[in-house]
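One structure is given here, and the rest of the page talks about it.
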Amino acid sequence: MTLKPLELSEHEFLILDYSSMDFIVNREQLFASIILEDAVEFESEFNYLSSLMAYREQTLPVFDFDAFLLETFSGEFEQSLKVALIIDLASFSEGNRSLYQERILREHTEFSSEYLALKVHSHAGIKRVALSEVCLIPAGLRERQSQEGILGCRFLAGGKIQYFVDIETLVFNWIARSETDTSNYKDFS
Amino acid sequence: MENKELLTHLAAEKADGVVTQSDSAEKLVKFLIVQVKDQTYAFYADQIKEIVMNVALYFVPFVPPFIRGFINRHGEPYTVFDLNALFAKETLDSATFLISNFEGDQIAFLASSVIEILKVPDSEVHLITSTDEHDGFFLGAVTSQGAEIFILNLPNIIGRLEHDLETS
């Protein structure tokens, strides 16, 4: 299939709109999104895994993206209606699926092996964004930020910054570090 | 001086930041003198391409304390180094940014203020050779109005980020 130039220059992103900054996520990393109404609170040893939800007759672990934002970016968010972003584990790398199997499913056999969910607030929407507007992280920080799931950024006309994040890296860093390091590598002292 | 000579002179000045008064006169070296809290430092003038003030500083996680975040210059992010945080372990409260010409990366430095552009004879630039880690942040010193001003070693300062990220 031949793509038109316009299709090559733009891409669909989910934009998560917070007061101090936004996050943009590749639309292709998302399977679905639903209003999160009946999540059950859940105590977990894994970072940001805070509740459970039912989806397609399966039990999904729900990771709290808002909490990650608050802790990692010192961000602020309004208490609003919550949305669950459904992530299809088949879209992730084999290595990460193995990690998920070993760390999560072995401990919690009741969880779905197909999907997980991310809790975000409802100020979100799908938009086409010109790729020319999305910048790479400056060279000296690019590799580290990429390892942390931050792939790029975009500046809006009003002065706000949007971070382009990789959901797979974020989630699997949370899982991988739950047993070894809960500091999120923030301590450089 | 003919235009051709003038152009040659200007090209040489842009290339290395060194001003030649004439073939027989001593070379002048241009520095940008800046205040960072209570310290004064010298950048080679050709290392800084722009000075901007009062632009937003955007937080970036997973970085050492001397990296204060990004600023937006013409739609591109620039990593902001805080020299006071690096040297004195205390963050600087300022909104004056020096945009560097550093090749291969987009880097800015936080400063309290810009004092002057200083042109001094080459003979008054005192370069040092040291293996001390802290002294590695300075290339030497230049004297202005009786005061000694340290010349910043930008490759080593920027290299500190790479070192800290590798060892964190």
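The values are calculated or read from the model by the stated rules, or taken from the named source; none is laboratory data. What you see is a predicted model; the values in this text were computed from it and never measured. Note that we place each Cβ from the backbone using ideal geometry, even for glycine, and neighbour counts take in every protein chain shown. We work out accessible area using only protein heavy atoms, side chains counted, and drop any ligands, DNA or RNA first. Shrake-Rupley method; radii C 1.70, N 1.55, O 1.52, S 1.80 Å.
Below, the figures for the structure above:
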item	result
Residue list for the stretch B:70-83, restricted to those being more than 10 Å from chain A (Cβ to nearest Cβ) and open to solvent by 10 Å² or more (accessible area, probe 1.4 Å)	none
Some residue of the stretch A:119-140 being facing chain B (nearest Cβ under 10 Å) and under 22 Å from A:SER178 (Cβ atoms)	no
Selected residue [more than 26 Å from A:LEU70 (Cβ to Cβ) and either at pLDDT below 95 or touching a Leu at 6+ places or on another chain (Cβ under 8 Å) (or both)] from B:PHE31, B:PHE70	B:PHE31
Index of the failed condition, B:VAL19 passing every other in (1) β-branched (Val, Ile, Thr); (2) modelled with pLDDT under 70; (3) in a loop (DSSP other than H, G, I, E, B)	(3)
Residue count, the stretch B:88-110 (criterion: open to solvent by 40 Å² or more (accessible area, probe 1.4 Å) and among the aromatic types (Phe, Trp, Tyr))	1
Number of positions in the stretch A:29-52 that are open to solvent by less than 30 Å² (accessible area, probe 1.4 Å) and touching a helix residue (DSSP H, G or I) at 6+ places or on another chain (Cβ under 9 Å)	7
Subset of the stretch B:142-168 [part of a helix (DSSP H, G or I), in contact (Cβ under 8 Å) with a residue 24 or more places away in the chain and β-branched (Val, Ile, Thr)]	B:ILE157, B:ILE158
Count of residues meeting criterion [assigned to a loop (DSSP other than H, G, I, E, B), farther than 28 Å from B:VAL63 by Cα and open to solvent by 40 Å² or more (accessible area, probe 1.4 Å)] in the stretch A:62-113	7
Residue match in the stretch B:127-150 (condition: over 14 Å from the mean Cα position of the chain (by Cα), more than 12 Å from every other protein chain (Cβ to nearest Cβ) and on the phi > 0 side of the Ramachandran plot)	yes
Some residue of the stretch B:80-98 being touching a helix residue (DSSP H, G or I) at 6+ places or on another chain (Cβ under 8 Å), among the acidic types (Asp, Glu) and at pLDDT 95 or above	yes
Residue in the stretch A:148-164 that is at the interface with chain B (Cβ under 10 Å from one of its Cβ atoms), part of a helix (DSSP H, G or I), modelled with pLDDT of 95 or more and within 17 Å of A:MET21 (Cα to Cα) present	no
Residue within the stretch B:111-133 that is within 26 Å of A:ALA157 (Cβ to Cβ), open to solvent by 10 Å² or more (accessible area, probe 1.4 Å), at pLDDT 95 or above and assigned to a strand (DSSP E or B) present	no
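Yes/no per residue for (1) away from chain A (no Cβ under 14 Å); (2) among the hydrophobic types (A, V, I, L, M, F, W, C); (3) open to solvent by less than 40 Å² (accessible area, probe 1.4 Å); (4) more than 30 Å from A:GLU76 (Cβ to Cβ):
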residue	(1), (2), (3), (4)
B:LYS27	yes, no, no, yes
B:PHE31	yes, yes, yes, yes
B:GLN35	yes, no, no, yes
B:ALA42	yes, yes, yes, yes
B:ASN54	no, no, no, no
B:TYR58	no, no, yes, no
B:PRO61	no, no, yes, no
B:ARG68	no, no, no, no
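Quick grid of which residues meet (1) among the aliphatic types (A, V, I, L, M); (2) more than 14 Å from every other protein chain (Cβ to nearest Cβ); (3) within 16 Å of the chain's Cα centre (by Cα); (4) closer than 20 Å to A:GLU148 by Cβ:
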residue	(1), (2), (3), (4)
A:ALA32	yes, yes, yes, no
A:ALA39	yes, yes, no, no
A:GLU43	no, yes, no, no
A:PHE46	no, yes, yes, yes
A:LEU52	yes, yes, no, no
A:PHE68	no, no, yes, yes
A:THR72	no, no, yes, yes
A:LEU81	yes, yes, no, no
A:LEU85	yes, yes, yes, yes
